[in-house]
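This report concerns only the one structure given below.
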Amino acid sequence: MSPALRGNRLSAVETVYSRLVGLGLDAAVAGADGQLTSATPWWEQSVPRDHIAELCASAVSDDVARQFGGAHFVAGIRSGDGQVLLVRAAAGTSEAAFQLAQTMRRMLSDAYSQLETGGMVREFSTKLAAAYDETNAVFRIMRMMTSHGDAVEQLSLVCNAVQQAMSFGWVAAAFKTDAGVIAQLSGNVIVAGNSRGDGETLRAALVQLTGQLKIDGWTQVQLPTPGTVAGVTGGEVIFDPITHDGRVIGLLAAGDKASRDPRVVSSELQFIDACSDFIGVFHENLARFHEQKMMSMGVLKSLVAAIDAKDPYTRGHSERVAVLSRLIAIGTGFTEEQAERVHVAGLVHDVGKIGVPDWVLRKPSKLDDAEFAMIRRHPETGHRILKDVPLLADVLPAVLEHHERFDGKGYPCGISGENISLLGRIVGLADSFDAMCSSRAYRVGLSRENAVQEIRRCSGAQYDPRLVEIFLKLDLAEYDVLLLRQDAQLPAPKMAA
Ligand SMILES: [Fe+2]
């Protein structure tokens, strides 16, 4: 009979039994009632059941060494959990059998020690593995928070990573509706994983708890009482404030612990504490990035306004081109964020005109070849001015290529078709349309009907026909408001178109 297994491990008694059998001895393991659980064939075939029961009973208080069947002695010991280990000493004296019982006792004691040590090692390994998972998660979270993507998307990834590193059913980041919170996150509740309770009720409870947090403090454990976040799901919930410049802006929480012991342990508190600190730093970085972006845009708008002001007739041109370019981009399927970059491209497309003399820009009559050559240099001048500004690296193609033509007859490079960047084609179309619609010193702007007709006529020659189709379907109300503003400020043109 093979020794019984408990889980995947032998118990101490069964370990000793296996060793004794390995030494060629007839051994048996029995319960206190004399029932055999493991035994070599000799015990099964040669020893009556009532005799085994008697041996087991006599091993209750002490180790036994009994003579059995004339020549045989039996050594027996009782383990801590009531099992009796019996061994036949085929020949010898009661003294020898007693010595054998003593040896079995020592073997059992060793087996207990080994099991205990093994248990400690396993426990340590489990803790080490958990610590590794958490450290790994911390590094992944840090990497997620260093890129400048969508803040909500990034925090969803972070909450997912935290939830996967812990044995919790859900992890949530909730933010206050507060001037100190960046717009993308203000009032937002981001939940990863699944709650045992109702999702909407959990969100509402998290919003309420976030509103109650006034000062930074220790990571706390909330017990499941009615009206609390923990009360929604019925298990303990950890939460820790997220702060920015010492002010509480939100919280990070975790609940529905999934392991056998549903109580929160100190390593989990520390992990949530570390993660909420990371999110606080992440928010500070985002807020600074946003501030810098607004400042840079402010500087950019001033620069563009200065260029547009070189000629009263082109005042507002860059902003109108920016608005038109953004509308075309959205019509083309760009995301809001991408369209925002196209807007910036439209804003700065003529920055190179800063290098063109005012008298050339303002000249009311036809330009001669030399003057026209000066104008033709502005895309490259603009590209040169902006190429070292990292924030504008993605819009450079529009600055350089907005005077290229789809048929290759444009400038400065004479490239054609899709060799011209999409950004260049979009801003080029927007630029031409605004130039047609707005008035100049020497002519009034074309009517909307004539401008649209001109765009349609030049589709495939000057403009990308696919973009023209999209453009012709656009609602230009936003653009028209800006155009009317320019018309109201202009002196009457000297020549009619
Ligand atoms: Fe231009």
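The values are calculated or read from the model by the stated rules, or taken from the named source; none is laboratory data. Please read all numbers here as calculations on a predicted model, not as lab measurements. Here the Cβ positions follow ideal geometry from the backbone for every residue, glycine too, while neighbour counts run over all protein chains shown.
Yes or no: GLU418 loosely packed, with under 15 Cβ neighbours inside 10 Å, of a type outside the set (Phe, Trp, Tyr), in a helix (DSSP H, G or I) and at pLDDT 95 or above?
Yes, satisfied.
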Exercise. When only residues in the range 373-388 that are within 11 Å of the ligand (Cβ to nearest atom) and more than 46 Å from the chain's Cα centre (by Cα) count, which is surrounded by the fewest Cβ atoms within 10 Å (Cβ to Cβ)?
Worked result: ARG376
For this session: Check whether at least one residue in the range 429-446 is outside any helix (DSSP H, G or I) and within 16 Å of the ligand (Cβ to nearest atom), and report yes or no.
Result: yes
Problem set entry | Qualifying positions in the range 427-440 - in contact (Cβ under 8 Å) with a residue 40 or more places away in the chain and either surrounded by fewer than 17 Cβ atoms within 10 Å (Cβ to Cβ) or within 43 Å of the chain's Cα centre (by Cα) (or both) | VAL427, LEU429, ALA430, ASP431, PHE433, ASP434, ALA435
Seminar exercise, completed: Of the residues in the range 393-415, those that are surrounded by fewer than 21 Cβ atoms within 10 Å (Cβ to Cβ) and under 33 Å from the mean Cα position of the chain (by Cα) come to ALA393, ASP394, LEU396, PRO397
For this session: Among the numbered conditions (1) within 15 Å of the ligand (Cβ to nearest atom); (2) basic (Lys, Arg); (3) not in a helix (DSSP H, G or I), tell me where LYS366 comes up short.
Result: (1)
Seminar exercise, completed: Those residues of the range 308-363 that are more than 15 Å from the ligand (Cβ to nearest atom), within 19 Å of GLU404 (Cβ to Cβ) and buried (at least 19 other Cβ atoms within 10 Å of the Cβ) come to a total of 3
For this session: Could you list all residues from the range 233-263 that are surrounded by fewer than 24 Cβ atoms within 10 Å (Cβ to Cβ), of a type outside the set (Asp, Glu) and more than 18 Å from GLY217 (Cα to Cα)?
Result: THR233, GLY234, GLY235, LYS257, ALA258, SER259, ARG260, PRO262, ARG263
